[in-house]
Amino acid sequence: MKIHGLNITREARDKEWGFTQASLPRYHKGESDIGMLICHGFGGSPANMRCLYEKAVQMGYCVSMPLLTGHAKTFADMEKATWRDWRRDADNALQRLYDFGCSRIFLCGLSMGALLMADLAERQAGLESVDALMLICPPVKMKRYLIVSAFFAPLIPYVLTAEGFDDDPDKEMYYGMVSKKLNDIKRLSDAVRRHAGGISCPTLLVEAENDNRVDPDSYSILGARIPQAKLITVREAPHGIPYSPKAGELQNIFEGFFRGAEGE
């Protein structure tokens, strides 16, 4: 792991990553009245969720897949973003589906995107506008090394773990992080913990067996709080299931869950 500390922060902060059009937000107006909101994770981009976007389009849904503020640019841009910006991005993406004329809403998110989708589902619960929710690797409780990284953010503000994504469009993301932004994830996870009991729609929790970022306690926490939550574990899968060799298996889980939700 390559860590950039205080003496070389500008190098990490202003690094150009070479993001392409694969990382731009995507929207699709399908023939169905069902709208699917798909949200990428912390440091990621819509490119990481391509397999689910394509599956949702194939299923006939209208699809809204935003690019979260501060992502697919530079660490300097990420540093300015907050959890409130990301919440607003989720709200705007939902509005896009309403503008398409959708009367039923499905939500799906990866990692921090899963927290945003859980938060959105809870805030919309009183309106009964969210019909199904799929949370992939939600970091309600992060691994200890991430908690420690947040604590030491003033000393180690930026962490780089690789120089780039080697021209793989599905893996366009920051390989590293702005450490203090982990505190924004913590704010989201705290909100989800407090209010998850208000999520009233069918919910599928998807766990990656080899997750190096999410503490497994996250699933017992959510399972105990969300009334209609069910858990499925993808064996030998990493945290980034949608852009891993397990993407096809995840597509099948995605289709099976949301096709089932169509009839409820």
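Structure notes:
- Among the candidates Pro139, Pro157, residue that is surrounded by 17 or more Cβ atoms within 10 Å (Cβ to Cβ) and more than 25 Å from Ser220 (Cα to Cα): Pro157
- Residue count for region 24-45, restricted to those that are more than 20 Å from Thr161 (Cβ to Cβ) and either among the β-branched types (Val, Ile, Thr) or surrounded by fewer than 24 Cβ atoms within 10 Å (Cβ to Cβ) (or both): 12
- Cβ pairs under 8 Å, 6+ apart, first in region 55-77 and free of Cβ contacts under 8 Å to residues at least 40 places away in the same chain and within 19 Å of Ile105 (Cα to Cα), second of a type in the set (Gly, Ala, Ser) and outside any loop (DSSP other than H, G, I, E, B): Val63/Gly35; Val63/Ala56; Ser64/Gly35; Ser64/Ala93
- When residues in region 70-86 are screened for being under 22 Å from Ala118 (Cβ atoms), touching a helix residue (DSSP H, G or I) at 6+ places or on another chain (Cβ under 8 Å) and surrounded by fewer than 19 Cβ atoms within 10 Å (Cβ to Cβ), 2 of them pass.
- You will find that of Asp211, Asp215, Asp184, the residue that is over 23 Å from Phe106 (Cβ atoms), in contact with a Cys (Cβ under 8 Å, 6 or more places away or on another chain) and not β-branched (Val, Ile, Thr) is Asp211 and no other.
- Under the condition of being assigned to a helix (DSSP H, G or I), of a type in the set (Lys, Arg) and either farther than 14 Å from Phe254 by Cβ or modelled with pLDDT under 95 (or both), the residues counted in region 36-93 number 4.
- All strands (runs of 3 or more DSSP E) inside region 160-264 with 1 or more residues being touching a His at 6+ places or on another chain (Cβ under 7 Å): 203-208
- For the criterion of being touching a Leu at 6+ places or on another chain (Cβ under 9 Å), modelled with pLDDT of 90 or more and surrounded by fewer than 19 Cβ atoms within 10 Å (Cβ to Cβ), Ile147 passes.
- Test: residue in region 227-237 that is of a type in the set (D, E, K, R), surrounded by 13 or more Cβ atoms within 10 Å (Cβ to Cβ) and either out of contact with any Cys (no Cβ under 8 Å at 6 or more places or on another chain) or closer than 15 Å to Leu115 by Cα (or both): no
- Failed criterion for Ser189 (all others in (1) closer than 18 Å to Phe42 by Cβ; (2) of a type in the set (Gly, Ala, Ser); (3) out of contact with any strand residue (DSSP E or B) (no Cβ under 8 Å at 6 or more places or on another chain) hold): (3)
The values are calculated or read from the model by the stated rules, or taken from the named source; none is laboratory data. None of the values given here were measured: they were computed from a predicted structure. Every residue, glycine as well, gets a Cβ built from its backbone with ideal geometry; the counts of neighbours run over all protein chains shown.
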